[in-house]
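The values are calculated or read from the model by the stated rules, or taken from the named source; none is laboratory data. Bear in mind the structure is a predicted one, so any value in this text is a computation, not a measurement. Note: ideal-geometry Cβ built from the backbone for every residue, glycine included; neighbour counts use all protein chains shown.
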Amino acid sequence: MMAMVGCQHDPDDQPQPAPPATGPFGTPLTVEIPANFPQMPIPADNPFTVEGVELGRYLFYDERLSGNNTQSCASCHMPHLAFTDNGTRFSTGIDGIEGDRNAMALVNLAWDTRFFWDGRALTLEEQILGPVVNPIEMHET
């Protein structure tokens, strides 16, 4: 009899329901736009989310995105120098090879419509892999 009582189902031991979904992409992030700025163009398939910002920050500092695990985006876009490359004429890649240009400052990118010095990328989503796979910059394949 004792064994049967000890194995009974405890009604308080039920799994709790999952919290309600916050949306298909994550927790929406509200951004306060300065009064003199236009509305920020946000792609429908890549909205601002708390999780997206956290992931972006993590990837920006992740040296594993480079071929030899020593260089991140922040290696050339240095936060303590306003996300620039110290005013050098050319940025230096992972193998010590100078690139064709210096790293651009990263300021108000959400409003930009051209990326890289030559404007070849039209969106941040299009730009993001360029430096990672560039054989001089981060040299990851």
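Quick check, is Glu63 surrounded by fewer than 13 Cβ atoms within 10 Å (Cβ to Cβ), modelled with pLDDT of 90 or more and among the acidic types (Asp, Glu)? So Glu63 fails the test.
Quick check on my filter: what residues within the stretch 84-141 are aromatic (Phe, Trp, Tyr) and part of a loop (DSSP other than H, G, I, E, B)? Matches in the stretch 84-141: Phe90, Phe116, Trp117. Of all residues in the stretch 53-70, those satisfying the criterion of being among the polar types (S, T, N, Q) and over 14 Å from Leu129 (Cα atoms) are Asn68, Asn69, Thr70. Beta carbons closer than 7 Å, at least 6 apart along the sequence or on distinct chains, pair a first residue in the stretch 21-43 that is within 22 Å of Glu125 (Cα to Cα) and in a loop (DSSP other than H, G, I, E, B) with a second that is among the polar types (S, T, N, Q) and modelled with pLDDT of 90 or more for Phe25/Thr49; Gly26/Thr49; Thr27/Thr49; Leu29/Thr49; Ile33/Gln39. Within the stretch 92-122, restricting attention to residues that are within 20 Å of Met138 (Cα to Cα) and among the β-branched types (Val, Ile, Thr), which residue is surrounded by the fewest Cβ atoms within 10 Å (Cβ to Cβ)? By that ranking, first place goes to Ile97. If the condition is being touching a strand residue (DSSP E or B) at 6+ places or on another chain (Cβ under 6 Å) and within 17 Å of Val132 (Cβ to Cβ), then the stretch 75-96 contributes only Thr92.
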